[in-house]
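In what follows, a single structure is set out as structure tokens and then discussed.
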Amino acid sequence: MERLADEDEVARWLREAAAHPGGVAVLTGAGMSAESGIPTFRDAMSGLWSRFDPAALASEEGFRANPAHVWRWYADRREGVRGAQPNAGHLALGEFARRHPGVLTVVTQNVDDLHQRAGNTDAIRLHGDILENRWLEPCPRGRACAVTEAVAGEPPRCAECGNLVRPGVVWFGEMLPLGAMEAAEAAVRRCRVLLVVGTSGAVWPAAGLAGTARRAGARVVIVNPHASEIDGEAHAVLRGTAAGALPRLLASSPNTD
Ligand code: NAD
């Protein structure tokens, strides 16, 4: 079996990669924001919402069946995101990007805005933005829809055609935003080191980026306190958390910075 690298070796790879444009890419998932108090998908289904099926809350079918119910779940999550702050892991990535312009690409499956608030304003968002709204359908009249006054606890509707407002996230079974996956693939093909942080590796096509990077010759490093479905793609599996491990891995070195 292949020998896996340890944290010191990974930190050295990162310092070397930092000398190359596009040398470092990071793929993040819900675990990236766990230490900011935003629940992962599994945790989000606990407590008040544990009785509900994720597919009924995060799908177009579920929204059409019960718009008010899904809207309230998103309102709850939006409140959590607005109240959260970037953690030490987000800040370490923002700081690394500032120290090494043109080196880092952040690709995120997260729908929160914590990477952006930590300084990675050009992070590629594969699954959309939970703080945005969009129309459920193109306006059936071929014009712009207009919003009625929102009824509390329900999604706003177009006064003229009844079209509903929905959250700007990618639901189960939906296409990713145009160009996002292509940009992510280009970044992981170009990088020398891909850090995969806080993702279960169960959601595709994002999970495939680790294998794409590896086949293109990058070193793949997983940071996750638990096993993930893509550990087999990694040259190093670090059983730490995002806020714990990233500041150490990305710390500046007197020799290279
Ligand atoms: P997931 O919930 O399936 O998996 C989370 C992963 O994070 C797990 O492997 C877990 O072991 C790991 N983890 C937990 N705490 C961690 C920590 N402190 N540091 C590092 N890793 C930690 O998440 P996923 O793989 O991103 O896929 C679920 C989908 O749900 C994605 O599409 C994601 O966009 C969405 N989601 C997003 C958010 C958010 O935007 N913050 C939150 C919940 C779900």
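The values are calculated or read from the model by the stated rules, or taken from the named source; none is laboratory data. Not measured: the values here are computed from a predicted model. A quick note on method: Cβ atoms are made from the backbone with ideal geometry, for glycine too, and the neighbour counts reach across all protein chains shown. For accessibility, only protein heavy atoms count, side chains too; no ligands or nucleic acids. Shrake-Rupley method; radii C 1.70, N 1.55, O 1.52, S 1.80 Å.
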By per-residue mean of other Cβ atoms within 10 Å, what is the highest-first order of 218-225, 115-122?
-> 218-225, 115-122
Each label point is 7 Å from the Cα along the Cα-to-Cβ direction; what then is the distance between the points at residue 41 and residue 98, in nm?
-> 3.3 nm
Portion, in percent, of the accessible area of the chain that falls on carbon or sulfur, probe 1.4 Å = 52 percent
If you take the charge dipole of the chain about its Cα centre, with +1 on Lys and Arg Cβ and -1 on Asp and Glu Cβ, which of 180, 128, 227 is farthest toward its positive end?
-> 180
In Å², what does the accessible area per residue of the chain work out to with a 1.4 Å probe?
-> 49 Å²
On a 0 to 90° scale, report how tilted helix 67-83 is relative to the longest principal axis of the chain, with both axes built from alpha carbons and the result rounded to the nearest 10.
-> 40 degrees
Taking the Cα atoms only, what angle lies between the long axis of helix 88-99 and the longest principal axis of the chain, rounded to 10 degrees?
-> 70 degrees
Ranked packing of 132-144, 182-194, most packed first, by mean Cβ within 10 Å = 182-194, 132-144
Karplus-derived HN-Hα couplings along the range 6-23 (A = 6.51, B = -1.76, C = 1.60, θ = phi - 60°), whole Hz, x at Gly and Pro | 9, 4, 4, 5, 5, 4, 5, 4, 5, 5, 5, 5, 5, 8, 10, x, x, x
Of all DSSP beta bridges in the chain, what percent run antiparallel (nearest 5)?
-> 25 percent
